[in-house]
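Report on the structure given below.
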Amino acid sequence: MFRITLLFILSLVALSLANQDDYTGYKVYKIVPKNEDELKTIQTLIKHPQVDVWTSSKLIGHPTVFMVPPTLENQLKSLLRVNNMPYDTLIEDVQRTIINEKNEQAEARRIFDDRSGRISFKQYERFDTISGYLRNLTNLHPNLVKLVNIGKSYEGRDLEVLKISSGGNGNKPAIFVDGGIHAREWISPATVLYIINRLVENYSQNSALTDNIDWYILPVINPDGYEYTHTKFRLWRKTRSPNGLSCVGTDANRNFDFHWKEIGASSDPCDETFAGLKAFSEKETAALSNFALSIKKNVKLYLTFHSYGQYILYPWGWTSALPNDVDELDALGRKANAVSGYKYTVGSSTNVLYAAAGGSDDWFKGVAGVNLSYTIELPGGGSAGFDLPPSRIEEVVQDTYKMVKVFASYIDKKFVNNK
Ligand code: 0X9
Ligand code: ZN
């Protein structure tokens, strides 16, 4: 047993998978730990640079799903056999799954593609369509929304925050929402777009939320990565900036300047969790944080959408210590979960998921002073988790919007109608 664990650890020096774009023979496994020992084995396993973690948890009974290259398969199976750990093979050949999903996506596009500046929520939209939609809203609802350009991505795409504000002087307590920091988590931008759709296109039914609260919403923080997942490689996670070295891309959610790279982040540019050459090395995270600092005195809540696994996470991700206001964070997270048709697990990132420093949620709380800061891991789907089929987008985004309303009502009660 020791020998095999050692072997596994020794192969940590093996080539990383980050530069690769053909996943023939790659498999995806799921393990549900039954006890502390199995959890420990999983923790060792997910540290391997060639293991791409798709969802994971530190809790017994919660699945860890990960992809491994064919070269690692035998070692992995020995490790699991020796430890007597059952597993499921979710995907036999990742490349085949990618191709199948591409076909599904093309079919949804053939049926639903509508170039009139609207979003159908029946397909995953390309970045240009998303930008066009935001622009269209500013034309249709000039008194309700405005677009703020906060900078450009590495490849030169505009990073645009939609400010939604009705009534008041645009200086009200605010909620900051973003999505798409991880390129492959497509349901995240879709969810953020649905929040925009409800608040703006369904203004009459949601007016209390925009009359009392200002919203700053950025649907795709990492547009270069997002486009790359549409055009080249579906499972890309990072940004697309070169590191002056062999591999491309930084994990933008390890790049924020708060306990940067202290834990759960890699120094290897080829790893999926590469923290960047320095904090805020990425144009996208630098732009987001500069803008957030400029409005920080108003922002009362930060929601950042990821996938997958159904978790409502609050800080900290850099330490297992809990923030002083954990009771409030926890209670609000639970209140949101209570209205969801899905079952979300609520807790601090480090305690329910894994420790990982440099995340946007920790930075918003720790540096920008936005105490109520959450990462929401949306439901997964499809065979790969990230490939929730287009036919399920509506159901997930509608469910999530119910939770967003709970968060917003709380901000309304606490900071506006608090007499
Ligand atoms: O690892 C992440 O960045 C997030 N999970 S994901 O599977 N979408 O990649 C979780 C981030 C939780 N927050 C912090 N660790 N700060
Ligand atoms: Zn993510």
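The values are calculated or read from the model by the stated rules, or taken from the named source; none is laboratory data. Nothing here was measured: the structure is a model prediction, and the numbers come from that model. As a convention, Cβ positions derive from the backbone with ideal geometry for all residues, glycine included, and neighbour counts pool all protein chains shown. Only protein heavy atoms, including side chains, enter the accessible area calculation; ligands, DNA and RNA are left aside. Shrake-Rupley method; radii C 1.70, N 1.55, O 1.52, S 1.80 Å.
With the convex hull drawn around the C-alpha atoms of segment 108-417, the volume per residue stands at 121 Å³.
Counting only heavy atoms of protein chains, what accessible area per residue, in Å², does segment 15-92 have with a probe of 1.4 Å? Let's see the in-between values first.
On the way: 3470 Å² over 78 residues.
Averaged over the residues of segment 15-92, the accessible area is 44 Å².
In order along segment 353-359, phi translates into HN-Hα couplings of 10, 6, 6, 7, 8, x, x Hz, rounded to whole numbers, per the Karplus curve 6.51 cos²θ - 1.76 cosθ + 1.60 with θ = phi - 60° and x for Gly and Pro.
Rounded to the nearest percent, how much of the accessible area of the chain (1.4 Å probe, protein heavy atoms only) is carbon and sulfur? Let's see the in-between values first.
Details: 8400 of 16450 Å².
In the chain, the share of accessible area belonging to carbon and sulfur is 51 percent.
Between residue 391 and residue 95, the contour length at 0.36 nm per residue exceeds the Cα-Cα span by 104.4 nm. Each Lys and Arg adds +1 at its Cβ and each Asp and Glu adds -1 at its Cβ; summed about the Cα centre, the chain shows a dipole of about 600 debye. Potential lengthening of the chain between residue 246 and residue 107 amounts to 46.4 nm, from the contour at 0.36 nm per residue minus the alpha-carbon distance. For residue 413, a cut-off of 15 angstrom between C-alpha atoms picks up these aspartates and glutamates, skipping any fewer than 8 places away in its own chain: 211, 214, 328.
Computed over Cα pairs, the Kirkwood radius of segment 15-92 leads via Stokes-Einstein (0.692 mPa s, 37 °C) to a diffusion coefficient of 259 µm² per second. Here each label is just a point 7 Å from Cα along the line to Cβ, and for residue 149 and residue 290 those points are 1.3 nm apart. Here segment 379-401 and segment 50-66 have alpha carbon centers that stand 19 Å from each other. The label-point distance for residue 208 and residue 71, in a model that sets each label 7 Å from Cα toward Cβ, rounds to 5.9 nm.
Of the residues 256, 213, 120, the one whose Cα sits farthest toward the positive end of the charge dipole of the chain, with +1 on the Cβ of Lys and Arg and -1 on the Cβ of Asp and Glu, is 213.
In order along segment 214-222, the phi-based Karplus estimate (6.51 cos²θ - 1.76 cosθ + 1.60, θ = phi - 60°) of 3J(HN,Hα) comes to 8, 10, 10, 10, 10, x, 9, 6, 10 Hz; Gly and Pro are listed as x.
Taking label points 7 Å from Cα along the Cα-to-Cβ direction, residue 339 and residue 324 give a separation of 2.9 nm.
Calculated FRET efficiency, residue 136 to residue 416, Cβ-Cβ distance, R0 = 35 Å: about 0.75 to the nearest 0.05. Of the GluC sites (Glu not before Pro) in segment 62-151, the ones in a loop by DSSP (not H, G, I, E or B) with at most 12 other beta carbons within 10 Å are 92.
Ligands, DNA and RNA aside, residue 116 has an accessible area near 70 Å² when probed at 1.4 Å.
Quick check: residue separation of residue 81 and residue 118 times 0.36 nm, minus the Cα distance between them. What number comes out in nm?
8.2 nm
Here the dipole of segment 332-396 is about 260 debye; that uses its Cα centre as origin and unit charges on the Cβ of Lys and Arg (positive) and Asp and Glu (negative). Adding -39500 (n - 2.57) for every DSSP H run of four residues or longer, then dividing by how many residues the chain holds, sets the calculated 222 nm ellipticity at -11000 deg cm²/dmol.
Shown in residue order for segment 38-54 are the 3J(HN,Hα) couplings computed by the Karplus curve 6.51 cos²θ - 1.76 cosθ + 1.60 at θ = phi - 60°: 5, 4, 4, 4, 5, 4, 5, 4, 6, 7, 5, x, 8, 8, 9, 7, 9 Hz (x for Gly and Pro).
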